[in-house]
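Computed from the coordinates by the stated procedures, all read-outs in this text should not be read as laboratory data. Just so you know, these numbers come straight off a predicted model, no measurement behind them. Here the Cβ positions follow ideal geometry from the backbone for every residue, glycine too, while neighbour counts run over all protein chains shown.
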Amino acid sequence: LPASQFLLYFAALSGFAQWVVEILDKLSVMHKQSLDISTIREFLDWDEPFDLNGGKRIAFEPNKQYEIRLDDVSFRYPKADRDTLSHINLTVHPGEKLAIVGLNGAGKTTLVKLVCGFLDPTEGRILLNGEDIRKFNRNDYYALFSAVFQEFSVLDVTVKENVAQCVDGIDETRVWQCIDKAGLTEKIKSLPKGIETHLGRRVFKDGVEFSGGQTQRLMLARALYKNAPILVLDEPTAALDPIAENDIYQKYNEMTHGRTSFFISHRLASTRFCDRIIFVDGGKIAEEGTHEELLKNGGGYAYLFEVQSKYYRSDNQDGTSDGSPDAAIE
């Protein structure tokens with residue numbers, strides 16, 4: 001075989017092989033994109049479990065207070081073999097600060113999502129000022145809540161738009177007030193454009209990235225700006241360092257003044273700011289009372305508090321300072 005023909009065939013074969021590799025690579029990308037699109041299509045085709053447009057309308061009044069009552073509520077996730085929550089009876093009075101504590105998987109977040117109307121009870125009912133929440137317009141009901149959950153997203157827009165969750169009609173004075181209550185003023189003032197600074201770099205190359213703790217404070221400011229009558233804080237200090245956590249605790253009473261509020265935490269020292277505490281265990285309310293009452297009862301709450309507090313207490317032999325979690329944050 002002449003060298004010229006060999007080179008010709010070799011070049012053709014190499015080109016064909018490269019072409020095949022590129023096709024396989026593109027097919028792999030298409031397959032991945034198809035899976036992503038399938039997830040989106042499945043979400044779009046998902047039947048809406050609630051009537052968002054019908055139902056009794058709720059006139060939005062920021063200063064109005066509401067009583068929420070759970071009447072023998074049970075909930076089981078689809079395909080689960082047991083109830084996540086079982087026969088919950090609970091009344092949250094207007095303006096009351098309620099702490100929900102317990103071990104991981106006890107059902108704390110599920111309980112709050114039921115109250116917020118994101119989930120529908122398997123059994124029982126949830127009442128708002130004596131009326132079943134199923135009767136109300138779902139969008140109006142959602143508007144009653146300002147919530148900070150463990151999972152959240154920061155939009156690639158300005159700081160003020162992230163706080164206000166809108167583009168037009170933003171009250172900048174209120175934005176600054178909420179930022180201050182969330183303890184983020186110093187950080188925002190240090191940014192090049194203050195509240196006009198863009199967040200994230202997916203859209204704007206000059207965008208700023210916040211740390212986990214700063215982002216969590218931003219979410220607190222967002223919840224406060226909404227000015228809803230019911231506030232939900234699901235582990236609001238999980239990403240904060242002890243000093244920042246102490247600052248949030250000190251401001252908690254101010255943040256929740258005059259509002260019905262739900263505070264979920266596994267750090268029991270934070271519960272001293274609440275009017276009442278429920279200890280959830282095994283999907284049920286195992287204990288209920290104030291911080292002092294539950295400690296006197298000597299049950300699961302007292303045991304968990306003792307376990308956590310030992311890390312703050314001194315061992316007289318090592319010379320560390322004395323104190324409990326409460327003392328450590330005062």
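Observations on the structure shown:
- Loop trypsin sites (Lys or Arg not before Pro), segment 167-199 (other Cβ atoms within 10 Å of the site Cβ: 13 or fewer; DSSP): Lys193
- Per residue, the average separation of C-alpha pairs within less than 8 Å and at least 6 apart gives the chain a relative contact order of 20 percent.
- Value of relative contact order over segment 153-227, rounded to a whole percent, pairs C-alpha under 8 Å and six or more apart: 43
- Helix 300-309 vs. the chain, principal-axis angle (Cα, 0 to 90°, nearest 10): 70
- Folded to 0 to 90 degrees: helix 172-181 orientation relative to the chain principal axis, Cα: 70
- Dipole of the chain, positive direction: furthest Cα of Ile40, Gly105, Pro78, with charges on the beta-carbon: Ile40
- GNM result for the chain, Cα springs below 10 Å: residue of Phe204, Phe118, Phe16 fluctuating most strongly: Phe16
- Distance from the alpha carbon centroid of segment 3-24 to that of segment 105-144 works out to 65 angstrom.
- Extension reserve of the Gln165-Ile23 stretch, reckoned as 0.36 nm per residue once the Cα distance is removed: 46.8 nm
- Cβ-based charge dipole, the chain, positive-most Cα from Asn137, His93, Leu184: Asn137
- Of all aspartates and glutamates in the structure, those lying under 17 Å Cα to Cα from Lys32, and not within fewer than 8 positions of it along the same chain, are Glu22, Glu42.
- Counted over all Cα-Cα pairs of segment 153-227, pairs farther apart than 18 Å make up 28 percent.
- Assigned charges on the beta-carbon of Lys, Arg, Asp, Glu; segment 153-227 dipole about Cα centre (debye): 200
- The chain: most fluctuating residue of Asp132, Asp171, Asp71 per GNM, C-alpha cutoff 10 Å: Asp171
- The chain, helix-only ellipticity at 222 nm - DSSP H runs n ≥ 4, -39,500 (n - 2.57), divided by all residues, nearest 500: -12000 deg cm²/dmol
- Take every Cα pair under 8 Å whose residues are at least 6 apart in sequence, average their separation, divide by the length of segment 1-123, and the relative contact order is 18 percent.
- Cross-link table Lys181/Lys205; Lys64/Lys108; Lys97/Lys181; Lys160/Lys189; Lys160/Lys187, entries beyond 20 Å C-alpha to C-alpha: Lys181/Lys205; Lys64/Lys108
- In the elastic network of the chain, a GNM with C-alpha springs shorter than 10 Å, the most mobile of Gly169, Gly55, Gly105 is Gly169.
- From the alpha carbon centroid of segment 254-268 to that of segment 54-104 is 15 Å.
- Answer label for Rg/Rh (Cα atoms, Kirkwood Rh) (calculated), chosen among [x] 1.06; [y] 0.96; [z] 1.13: [z]
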